[in-house]
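> There's a structure below that I have some questions on.
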Amino acid sequence: YAALTNLGKVWNLGFRMLRHSDLSQLYFEVYSGSDRTTAQTTLPSVVFAPELDNLQNTSQLTVTENAKNVAYVYSPAGTQEVYPADVDPEVEGFERRVLVVLASDITADNPDPAGAILQRGRDELAKTRMYSAFDGEINPNSEYKYGVHYYLGDLVEIRNTDGATDNMRVTEQIFISDETGER
């Protein structure tokens, strides 16, 4: 499992493995996912939101405790401010969350010190991003059906009750059949 997980991380792939206990069969599927957000125009968009009546019993967790959006990278070869691609360099005030990076190993004799400083800043910022998780049930009457409009690994758009929009990857789809019916 660890070897497959590591391989999937390298190639940005996911997988699922199921065992059918009655038949002693193993089912294995690899998926990569597609962008199904409103930011693209190639595929039909998939948008889930409580106000669209296609999402119910929702819960959301957002962790910003250690989130940073600018890195000040200091090295013997120079100093540079580094921003993630999705952050406006004009961010200021309480919205500006600074990470100080000491890169004493990047010296002037490096073949590309500016590039190395930039990459170090990006690498360190990637470790301190905001984490957001969302859970909810798809309304049985939703216009979007799993296996038709979206699949495992796809990026879909989620809008919460506050109007905030996030692009999230479908990592799990659970089908339930109990005394209340199928969902």
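> Give the residues of the stretch 49-59 that are open to solvent by 100 Å² or more (accessible area, probe 1.4 Å) and in a loop (DSSP other than H, G, I, E, B), sorted by residue number.
Result: D53, single match.
> May I ask you to list the residues in the stretch 121-157 that are of a type in the set (K, R) and closer than 21 Å to N12 by Cα?
R122, K127, R129 - these are the residues of the stretch 121-157 that are of a type in the set (K, R) and closer than 21 Å to N12 by Cα.
> Still on this structure: Suppose we keep only residues that are of a type in the set (A, V, I, L, M) and surrounded by 10 or more Cβ atoms within 10 Å (Cβ to Cβ) within the stretch 1-21. Which one would you say is farthest from the chain's Cα centre (by Cα)?
L18
One line per residue, one yes/no per condition, for (1) touching a Gly at 6+ places or on another chain (Cβ under 7 Å); (2) acidic (D, E):
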| site | (1), (2) |
| --- | --- |
| L43 | no, no |
| Q56 | yes, no |
| Y72 | no, no |
| E81 | no, yes |
| G93 | no, no |
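> Just to check your reading of the model, which residue among A77, A67 is in contact (Cβ under 8 Å) with a residue 40 or more places away in the chain, touching a Ser or Thr at 6+ places or on another chain (Cβ under 7 Å) and more than 14 Å from R120 (Cβ to Cβ)?
A67
> Here is a follow-up. Of the conditions (1) over 26 Å from A67 (Cα atoms); (2) of a type in the set (G, A, S); (3) more than 25 Å from the chain's Cα centre (by Cα), A114 fails just one. Which one is it?
In the conditions (1) over 26 Å from A67 (Cα atoms); (2) of a type in the set (G, A, S); (3) more than 25 Å from the chain's Cα centre (by Cα), A114 misses (1) alone.
> If you don't mind, another one. When the residues of the stretch 146-174 are narrowed to those that are assigned to a loop (DSSP other than H, G, I, E, B), under 15 Å from Q56 (Cα atoms) and open to solvent by 60 Å² or more (accessible area, probe 1.4 Å), which ends up modelled with the highest pLDDT?
Out of the qualifying residues, it is I174.
> Those residues that are closer than 28 Å to S132 by Cβ and in a strand (DSSP E or B), I need them from the stretch 63-76; list them, please. First the steps, then the outcome.
So in the stretch 63-76, the residues closer than 28 Å to S132 by Cβ come out as 63-73.
If the condition is that a residue be closer than 28 Å to S132 by Cβ and in a strand (DSSP E or B), then V63, V70, A71, Y72, V73 are the ones that fit.
> Turning to a different aspect of this structure: Quickly run through the stretch 117-159 and pick out the residues that are of a type in the set (S, T, N, Q) and within 16 Å of the chain's Cα centre (by Cα).
If the condition is that a residue be of a type in the set (S, T, N, Q) and within 16 Å of the chain's Cα centre (by Cα), then T128, S132 are the ones that fit.
> So, one more: Just to be sure I understand, how many residues within the stretch 32-48 are open to solvent by 40 Å² or more (accessible area, probe 1.4 Å) and not in a loop (DSSP other than H, G, I, E, B)?
Number of matching residues: 1.
> Just one of the numbered conditions (1) surrounded by 11 or more Cβ atoms within 10 Å (Cβ to Cβ); (2) under 23 Å from R169 (Cβ atoms); (3) free of Cβ contacts under 8 Å to residues at least 24 places away in the same chain; (4) not β-branched (V, I, T) is not true of Y27; which one?
(1)
The values are calculated or read from the model by the stated rules, or taken from the named source; none is laboratory data. These numbers were taken from a predicted model, which means no experiment stands behind them. Every residue, glycine among them, receives a Cβ derived from its backbone with ideal geometry; neighbour counts consider all protein chains shown. Heavy atoms of the whole protein, side chains included, go into the accessibility calculation; ligands, DNA and RNA do not. Shrake-Rupley method; radii C 1.70, N 1.55, O 1.52, S 1.80 Å.
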